[in-house]
Amino acid sequence: MFVVARGIVCALLIVCSVPCRAAEPATLRVSVIPTSVLAPLYAGIKYGYFKEEGLNIDLAPTAGGAIGIPGLVGGSYDIAFSNNVSALSAVAQGIDVQLLAPFPEGAADETAVIARKGEGIKTGRDLAGKTVAVNTNRNVIWLYVREWIRKTGGDPAQVTFREVAFPQMIDALKQKQIDAAFQINVFVIAAGKDPALEIVSFPYREVQPKVQPSQFLATRKFIEGNKDKVARFLKALKRGNEWFDAHIGKDELFSLVAEFTKLPEAVVREMKFQPVAKKVDADELEKTRDLMKREGLLKADVDVKKMIYAE
Amino acid sequence: MSVVGTLEGASSKPSAAGSIRRRLGPRLYGVLLIAAILLFWEVSSRLGWIVSAYWPPVTKILWAAISQLGGGDILVSLAATLRRALTGYAIGSVLGIALGILLGKSKVLRIALLPLIEIVRPIPTPAVIPPLILFLGVDDALKIFAISLATFFPVFTNTFAGVATVDDTLIQTARTFRTSWARTLLRVVLPATLPAIAAGLRTATSLALVVAVVSEMVAGSSGIGYYLVEMQYALRPDLMYAAVMYLAITGYAVNRLFLVLEARLIPWMGKT
Amino acid sequence: MSERLGFDHVTKIFEAPGSDTGFVAFDDITLEASPSEFLAIVGPSGCGKSTLLKMAAGLMPPTRGRVLLDGKPVFDPPPGVVYLFQQYAKSLFAWRTVIDNVMFPLEAAPRSQRNELREKCRDYLKQVGLSGFEDSYPWQLSGGMQQRVAIARALAADPQVLLLDEPFSAVDALTRMELQSLVLQLWERRKFTAILVTHDVEEAIFLADRVAVLGAKPTALKEIIDVGLPRPRDQLTTREDPRFLKLRHHLTSLLLARNPAHVAAV
C-alpha cells in the first residue's frame with residue numbers, strides 16, 4: 001500500500017510544487033520511530049546538546065518509517081528517520097532527499113531470520129515452498145531476505161512473502177501461518193528465549209555485513225534554505241554520538257533507551273550496541289542500490305554520491 | 001413483574017437472587033457471556049493453552065488498566081484521540097447533514113455533486129491516508145480530515161435518504177402556509193429528517209473513533225492508535241489491551257449517551 | 001372575511017408514461033364558491049377531487065383554464081387559503097407540541113407579538129376543544145384530536161377560504177360527526193368560504209349550501225344542487241329532515257349512475 005502511496009506522492013510532487021510548512025525559528029521537527037538506534041539523538045536532547053546550539057528538537061514519533069519521506073515532502077517534518085531503500089526509491093522517483101547522518105553500526109548482528117525449532121530451516125534452500133514474513137513488501141527487509149535466500153542456495157521465486165507487522169511475527173510463526181520471519185532486535189531477543197523458536201541466520205552478515213539500513217534525511221530544498229540550522233543539528237548530533245559511543249554497556253545508556261522505547265530495561269540490557277558509523281558510506285549504499293536494481297525496485301539509476309550530504 | 005410473582009408461587013417475598021435476576025432481566029445472559037469469555041481468556045493464558053507474549057491474562061490487563069487511572073499515558077492518549085475524533089466528527093456531521101438536505105431537495109446540486117460523492121464513497125478511509133500526507137501533513141489536519149470523511153458518508157447517506165422519505169403532505173402543508181424555501185428546509189425538512197440523521201450520526205460515532213485510531217496508527221505522534229503500536233514494540237501487551245479496553249468502554253459509553261440523547265431530543269423518533 | 005373562489009374552464013391532464021395524450025383528470029370544469037358559501041364537491045373515489053382542491057390551493061397548476069381568487073388567477077398558494085388534509089397525521093409536525101403546531105403559520109410575525117399570538121393560539125385550541133393539550137405532542141393524541149389540532153392551526157392562519165380535503169374520512173363515525181359539527185360551528189362564527197371535497201353524500205348535505213356532483217372519468221361536472229336546509233344544523237334533527245333524505249336519495253343515485261328523476265318520482 002505504501003509503495004503505491006509513495007508513487008502517487010511522487011507523481012503529484014512533480015506536477016505541483018508543494019508549499020513547505022514554515023518552521024519556527026530554531027525549531028526542527030524530526031520524525032522518529034521507537035527504535036534503539038535513535039539513542040544518540042535522544043542523548044543529545046536529554047543532555048542539552050541541541051539546546052546549546054540554540055535548537056529546539058520537536059520529536060514526531062510515528063509507528064513505522066513509511067511516512068517519513070511523504071511527511072518530509074509534505075513539509076510535516078524537517079528531518080526524517082528513514083531507511084536506505086526508501087531513500088533510494090525516493091531519489092529514483094525524483095524526490096531530492098539528502099542523507100544527513102548515519103546511525104550506530106551493528107545492524108547485521110541484530111536483525112535475524114527466525115523459524116520454528118526442529119523443522120530444519122537453516123538456509124534459503126530450506127525455504128522453498130515456504131512462507132516468509134517481512135514487515136513491508138518491496139522494502140529493505142524484503143530485499144535483504146531475498147538476497148540471503150539466493151546466497152544460501154535458495155530461490156526467492158519459490159518463496160511466498162507475506163506482510164506481517166514485527167510484533168505479530170512471533171505469534172504468526174507459532175501458529176504456523178508463516179514458516180520464517182525476518183525480525184528486528186527486540187523480537188529477535190524474545191525469539192531467542194522461546195523454546196519453540198530458533199534463530200536461523202543474521203542475513204545482513206552474509207549479504208552485506210557493513211550495511212547501513214537507516215539514516216537521517218532531509219530534502220535538498222530544506223537543507224539549502226536552512227544551512228545554518230542543519231549544521232548546528234549535525235554538530236549537536238555528533239556530541240550525542242560521542243556520548244553514545246562512550247556509554248556503550250553502561251547503565252546510563254540502558255536507562256536512556258528504556259525510557260524512550262518504553263521497553264523493559266531487562267530487554268534493553270540484552271541488546272547489542274556498537275559505535276555510531278563515522279559517515280554515510282557510499283559504497284554500502286551502492287551495494288543496496290545494486291540489489292534494488294536487480295529486484296526491479298529502481299526505475300531510474302541513482303548517483304549515490306550525490307545523495308549524501310557534504311557540509 | 002406480576003408474572004414473576006406468580007411463577008414463584010407461594011413465597012410472598014421474592015428471594016434476593018430473584019430480585020437481582022429481575023433487575024438485570026434479559027441482560028443477565030449477555031453479562032454472563034462476557035464473563036465466561038473473560039474467564040476463558042484468563043484460564044487459557046494462565047494454564048498455557050495459548051502461549052504468546054501477546055496473550056496476557058485478563059487480570060494482568062485489568063491491573064494495568066486500573067494502574068492507569070491515576071493519570072497514566074492511556075488517559076492522555078485517549079483524550080487526544082477523543083479530541084480529534086470529536087473535531088472530525090463535528091465537521092463531517094455538519095457537512096453530511098447540510099449536503100444531504102441540499103442534495104435531497106435540489107436537483108441541480110444532485111446532478112453536480114452526487115457522482116463525485118458516489119465515487120469517493122467506496123474508498124476505505126485508511127487507504128487515502130498515505131497519499132493525503134503530502135497535502136495535509138502528518139498532524140491533526142490529516143487525521144481530522146480522514147475522520148470527517150469517514151463521518152460524512154453515513155451521515156450524508158442517511159440524511160439524503162431521509163429527505164426523500166419526508167412526506168409530501170408535510171411539504172405541502174408548509175407551502176399552503178406560504179413558508180419560504182429556506183424556512184421549509186430548516187423548520188420542516190430538517191426536523192422531519194432528524195430521526196434518519198440521528199441513525200446516521202450514531203453509526204458515524206463508532207466510525208469516527210475507529211478512523212481516529214487507525215490514522216494515529218499510520219501517522220501518529222499521540223493518541224490511542226499510536227499508543228497501541230508503541231506498546232506492541234515496547235513488549236507491553238498488557239498496556240496495549242488495557243488501552244483497547246478503555247477504547248471499548250469509550251465506544252460503549254458514547255453509544256449509550258447517544259441513545260439517551262436521542263430519546264430526549266427526538267421523542268418523535270419512530271412516531272411518524 | 002371571505003373571498004370568492006372559482007374554477008374557470010379548468011382542465012387537468014397528467015402526463016402518463018408511454019402515452020401521448022396523457023391521462024385526463026378533469027375536463028373543462030367551471031364552478032364557483034361565493035364568499036362565505038359552504039360548497040361541497042362529491043364524486044366517486046378516484047375521480048380526482050383532491051386534485052381539484054390542490055389546484056385551488058395553488059399547489060398544482062391546471063393544464064388549461066384558471067383558478068380565480070376574487071377574480072385574480074392563482075399560481076402559488078395565496079394568502080388566506082388554508083388546506084385541511086385528509087392525512088392529518090402527516091400534515092402535523094411531529095416534533096412540535098400541539099401549541100407550537102398551531103403557532104406555525106404565525107411564526108413570520110415579529111418577535112414582539114409572539115406572546116400575544118400564543119394566547120390567540122390557546123384560544124383556537126379552546127375553540128376546537130383541546131384546552132389542556134397544548135404541550136402534548138400530536139402522536140400522543142387520538143386521530144380525531146389530531147384533526148382538531150390541524151383545524152386549530154387552520155384557524156390560526158386566519159382563513160378566508162378553507163379547503164377541506166376529505167378531512168373526516170380517516171376517523172370513526174362518532175368522531176366524524178363531532179368534527180363536522182365543529183367545522184360547521186367555526187364556519188358560522190368566522191364566515192370563511194369553505195370548499196369540501198368528500199365521497200360521503202350525507203356529510204356533503206349536512207354541511208354545505210350547495211353540492212356539486214362530479215361524474216366518472218374523465219371527470220366533468222354533472223350537477224349542482226342547492227341544499228336549502230335550515231341552519232343552524234343539527235346532527236340528529238337535520239339528518240331526519242325529509243328534505244335531507246330526499247337529497248341523499250337524489251345524490252346517491254346520481255353517484256350510482258341510476259336515473260335519478262325516475263327514482264325521485266316514486
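Taking the range A:185-197 on its own, how many of its residues are more than 9 Å from every other protein chain (Cβ to nearest Cβ) and open to solvent by 40 Å² or more (accessible area, probe 1.4 Å)? Within the range A:185-197, residues that are more than 9 Å from every other protein chain (Cβ to nearest Cβ) and open to solvent by 40 Å² or more (accessible area, probe 1.4 Å) number 3. Determine whether the range B:138-152 contains at least one residue that is modelled with pLDDT under 90, part of a loop (DSSP other than H, G, I, E, B) and either open to solvent by 40 Å² or more (accessible area, probe 1.4 Å) or in the same structural domain as B:Thr203 (by TED's automatic domain parsing) (or both). Checking the range B:138-152: at least one residue is modelled with pLDDT under 90, part of a loop (DSSP other than H, G, I, E, B) and either open to solvent by 40 Å² or more (accessible area, probe 1.4 Å) or in the same structural domain as B:Thr203 (by TED's automatic domain parsing) (or both). Selection of the range B:52-72 for residues being more than 14 Å from B:Val244 (Cα to Cα), without any contact (Cβ under 8 Å) to a residue 24 or more places away in the chain and surrounded by 14 or more Cβ atoms within 10 Å (Cβ to Cβ) yields B:Ser52, B:Pro57, B:Thr59, B:Gly72.
For first residues located in the range A:186-202 and assigned by TED's automatic domain parsing to the domain that holds A:Gly120, partners that are hydrophobic (A, V, I, L, M, F, W, C) and at pLDDT below 90 and lie 6+ apart or on another chain with Cβ distances below 8 Å form the pairs A:Val186/B:Leu235; A:Ala190/B:Ala53; A:Ala190/B:Leu235; A:Ala196/B:Val51; A:Phe202/A:Ala108.
Just one of the listed residues (B:Leu75, B:Leu47) is of a type in the set (A, V, I, L, M, F, W, C) and either touching a helix residue (DSSP H, G or I) at 6+ places or on another chain (Cβ under 7 Å) or touching a residue at least 40 places away in the same chain (Cβ under 8 Å) (or both), namely B:Leu75. Only residues that are of a type in the set (Lys, Arg) and open to solvent by 40 Å² or more (accessible area, probe 1.4 Å) were counted across the range C:3-17, and they come to 1. Taken together, B:Val188, B:Val155 contain a single residue that is touching a helix residue (DSSP H, G or I) at 6+ places or on another chain (Cβ under 8 Å), in contact (Cβ under 8 Å) with a residue 40 or more places away in the chain and open to solvent by less than 30 Å² (accessible area, probe 1.4 Å), which is B:Val155.
Going through C:Ala156, C:Ala170, C:Ala194, C:Ala150 one at a time, which residue ends up being surrounded by fewer than 19 Cβ atoms within 10 Å (Cβ to Cβ), among the aliphatic types (A, V, I, L, M) and in contact with a Phe, Trp or Tyr (Cβ under 8 Å, 6 or more places away or on another chain)? Only one candidate passes the filter, namely C:Ala170. Set side by side, the residues B:Thr193, B:Thr205 differ, and just one is open to solvent by less than 10 Å² (accessible area, probe 1.4 Å), in the same structural domain as B:Thr157 (by TED's automatic domain parsing) and not in a loop (DSSP other than H, G, I, E, B), which is B:Thr193.
Considering the range B:232-252, the residues that are within 12 Å of another protein chain (Cβ to nearest Cβ) and assigned to a helix (DSSP H, G or I) include one that is nearest to B:Ala204 (Cα to Cα), namely B:Met240.
In the set (1) buried (at least 16 other Cβ atoms within 10 Å of the Cβ); (2) in contact with a helix residue (DSSP H, G or I) (Cβ under 7 Å, 6 or more places away or on another chain), C:Ser136 fails one condition alone, (1). Take the residues of the range C:40-55 that are within 14 Å of chain B (Cβ to nearest Cβ) and over 11 Å from the mean Cα position of the chain (by Cα): which is most open to solvent (accessible area, probe 1.4 Å)? Per the criteria, the residue is C:Thr51. Of the strands (runs of 3 or more DSSP E) lying entirely inside the range C:168-233, those containing at least 1 residues that are more than 28 Å from C:Ala89 (Cα to Cα) and not hydrophobic (A, V, I, L, M, F, W, C) span C:210-214, C:221-226.
Among the residues of the range A:92-147, those that are in the same structural domain as A:Asp303 (by TED's automatic domain parsing) and more than 30 Å from A:Gly240 (Cα to Cα) comprise A:Ala92, A:Gln93, A:Gly94. Being crowded, with 24+ Cβ neighbours inside 10 Å and touching a residue at least 24 places away in the same chain (Cβ under 8 Å) is a property that does not hold for A:Pro104.
Scoring A:Gly75 on the criteria (1) within 14 Å of chain B (Cβ to nearest Cβ); (2) assigned to a loop (DSSP other than H, G, I, E, B); (3) at pLDDT below 85 leaves a single failure, condition (3). Here A:Lys174 passes the criteria (1) open to solvent by less than 40 Å² (accessible area, probe 1.4 Å); (2) free of Cβ contacts under 8 Å to residues at least 60 places away in the same chain except the one numbered (1). Tallying residues that are within 14 Å of chain B (Cβ to nearest Cβ) and open to solvent by 80 Å² or more (accessible area, probe 1.4 Å) within the range A:251-277 yields 3.
Residue-wise test of (1) under 30 Å from A:Ser76 (Cα atoms); (2) more than 14 Å from chain A (Cβ to nearest Cβ); (3) not hydrophobic (A, V, I, L, M, F, W, C).
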{"residue": "B:Gln172", "(1), (2), (3)": "no, yes, yes"}
{"residue": "B:Arg175", "(1), (2), (3)": "no, yes, yes"}
{"residue": "B:Leu185", "(1), (2), (3)": "no, yes, no"}
{"residue": "B:Pro191", "(1), (2), (3)": "no, yes, yes"}
{"residue": "B:Glu216", "(1), (2), (3)": "yes, no, yes"}
{"residue": "B:Glu230", "(1), (2), (3)": "yes, no, yes"}
{"residue": "B:Val254", "(1), (2), (3)": "no, yes, no"}
{"residue": "B:Leu257", "(1), (2), (3)": "no, yes, no"}
{"residue": "B:Lys271", "(1), (2), (3)": "no, yes, yes"}
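Evaluate the range A:278-296: report whether one residue or more is touching a strand residue (DSSP E or B) at 6+ places or on another chain (Cβ under 6 Å), buried (at least 21 other Cβ atoms within 10 Å of the Cβ), away from every other protein chain (no Cβ under 14 Å) and under 26 Å from A:Gly71 (Cα atoms). The answer is yes, given that some residue of the range A:278-296 is touching a strand residue (DSSP E or B) at 6+ places or on another chain (Cβ under 6 Å), buried (at least 21 other Cβ atoms within 10 Å of the Cβ), away from every other protein chain (no Cβ under 14 Å) and under 26 Å from A:Gly71 (Cα atoms).
Against the definition (of a type outside the set (D, E, K, R), within 11 Å of chain A (Cβ to nearest Cβ) and in a helix (DSSP H, G or I)), how does B:Val128 come out, yes or no?
Yes.
Looking at B:Phe160, is it over 16 Å from the mean Cα position of the chain (by Cα), open to solvent by 40 Å² or more (accessible area, probe 1.4 Å) and touching a residue at least 60 places away in the same chain (Cβ under 8 Å)? Judged against the criteria, B:Phe160 is a match. Exactly one residue among C:Val227, C:Val213 is in contact (Cβ under 8 Å) with a residue 24 or more places away in the chain and open to solvent by less than 40 Å² (accessible area, probe 1.4 Å), and that residue is C:Val213.
Does C:Lys49 fit the bill of being closer than 30 Å to C:Leu184 by Cβ and out of contact with any Ser or Thr (no Cβ under 9 Å at 6 or more places or on another chain)?
Spelling it out, it is not the case that C:Lys49 is closer than 30 Å to C:Leu184 by Cβ and out of contact with any Ser or Thr (no Cβ under 9 Å at 6 or more places or on another chain).
Among the criteria (1) open to solvent by less than 20 Å² (accessible area, probe 1.4 Å); (2) at pLDDT below 95; (3) more than 14 Å from chain B (Cβ to nearest Cβ), the one A:Phe244 does not fulfil is (2). Of everything listed in (1) within 12 Å of chain B (Cβ to nearest Cβ); (2) part of a helix (DSSP H, G or I), the single unmet condition for C:Trp95 is (2).
The values are calculated or read from the model by the stated rules, or taken from the named source; none is laboratory data. None of these values were measured; they are calculated from a predicted model. Neighbour counts run over all protein chains shown; Cβ positions are idealised from the backbone, glycine included. Just the protein is used for accessible areas: all its heavy atoms, side chains included, with ligands, DNA and RNA removed. Shrake-Rupley method; radii C 1.70, N 1.55, O 1.52, S 1.80 Å.
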